[in-house]
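*Asks:* First, the structure itself, so that you have it in front of you.
Each value in this text was obtained by applying a stated rule to the coordinates, not by laboratory testing. Model, not experiment: these values are computed from the prediction. Glycine also receives a Cβ, built like all others from the backbone with ideal geometry; neighbour counts cover every protein chain displayed.
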């Protein structure tokens, strides 16, 4: 990972030596074609078309929003009460053993 001075130096080098620099206002709509015959396809949106931005500054990137998202994602019915252990006893004859080791398996014929 580079530090700030190295990134600035790299940017300066690219600015001076790039054969085809791209400006910050570059748009290319050549990929957008009118394909009305393709039903059920995801529409391609041009670079200059308006879009709905789900980010709502300053709320979207806040501790408040993160806390609300976390609370919304937690399924309260899945949380164990008490000491959080189920204290289940093994129900198989070999206890917690997951089976024979690879060396204990019968050889293939």
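*Asks:* Can you tell me how much longer the chain between residue 109 and residue 32 gets when fully stretched, taken as 0.36 nm per residue apart minus their C-alpha distance, in nm with one decimal?
*Replies:* Numbers: separation 77, 0.36 × 77 = 27.72 nm, distance 6.06 nm.
Answer, rounded to one decimal: 21.7 nm.
*Asks:* Sticking with this structure for a sec: How many nm separate the modelled label positions at residue 102 and residue 13, each set 7 Å beyond the Cα in the direction of the Cβ?
*Replies:* 4.6 nm
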